[in-house]
Amino acid sequence: MGKESRRECQPCTGCCDGWVQMVIGGVPVYPGSPCPHSTGSGCDDYENRPQDPCGNFNCGWILPDSPLPEWMKPSSARVIVILNQLIWNGRPVDLAVPMGRRIPPRALDWLKRFSERQLRPLMYTEQILDGGRFSREQQVFGYGPPEFQQDLLRWQREGKRLW
Ligand code: SF4
Ligand code: SF4
């Protein structure tokens, strides 16, 4: 969860609740399986949270110089944006994952316009359901130059780890 920002995480617990899959103190968190310390509006052991990943993780909204508008707070916009996830042909690529099944249309539209204006290719995901429950798999989409989208498809075929 972010720090040294004029913005505050609470009551967002998006990254604690497994929407960005992580291992917290040896416990894997993933959609439908949040960190045991998440209260849904904060952390019940914040003073003792591990530095990695909790202390180190900053979503794009919480960063001190975030380009994301106020309304894109993950708990409201239902999307977690990770800026500069990778570099493609010298350009920074951003990643957006939904807090829920899909990124809501208003937020996805904003992200696509931002991608166009800033010439930053975008990867975004949709949760895959299995028997009506979230699986640990996500479908990945690309937005940006056709060559980027082709490379993204190729990376997925090759099993390249994208985050
Ligand atoms: S997703 Fe962002 S705003 Fe929400 S708890 Fe994590 S770092 Fe904070
Ligand atoms: S330990 Fe606390 S800050 Fe870290 S993921 Fe769990 S609830 Fe979030």
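The values are calculated or read from the model by the stated rules, or taken from the named source; none is laboratory data. In this text the structure is predicted, and so the values were computed from the model without any measurement. All Cβ positions, glycine included, derive from the backbone under ideal geometry; neighbour counts span all protein chains shown.
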Legend entry - Answer from Ile103, Ile87, Ile62 - the residue that is hydrophobic (A, V, I, L, M, F, W, C), under 18 Å from Trp163 (Cβ atoms) and not in a loop (DSSP other than H, G, I, E, B): Ile87
Legend entry - Matching option when the condition is away from ligand 1 (no atom under 11 Å from the Cβ) and out of contact with any strand residue (DSSP E or B) (no Cβ under 9 Å at 6 or more places or on another chain), among Asn84, Asn89: Asn89
Inset, instruction - Name, by its number, the condition in (1) more than 10 Å from ligand 1 (Cβ to nearest atom); (2) assigned to a loop (DSSP other than H, G, I, E, B); (3) at pLDDT 95 or above that does not hold for Trp110. - result: (2)
Inset, instruction - Within the stretch 56-77, count every residue that is buried (at least 17 other Cβ atoms within 10 Å of the Cβ), within 26 Å of Gly25 (Cβ to Cβ) and free of Cβ contacts under 8 Å to residues at least 40 places away in the same chain. - result: 1
Legend entry - Selected residue (criterion: farthest from the chain's Cα centre (by Cα)) from residues of the stretch 20-59 that are among the aromatic types (Phe, Trp, Tyr) and within 14 Å of ligand 1 (Cβ to nearest atom): Tyr46
Legend entry - Residue, nearest to ligand 2 (Cβ to nearest atom), within the stretch 15-42, restricted to residues that are in contact (Cβ under 8 Å) with a residue 40 or more places away in the chain and part of a loop (DSSP other than H, G, I, E, B): Cys15
Legend entry - Breaking point among (1) within 12 Å of ligand 1 (Cβ to nearest atom); (2) in contact with a helix residue (DSSP H, G or I) (Cβ under 9 Å, 6 or more places away or on another chain); (3) not acidic (Asp, Glu), for Leu63: (2)
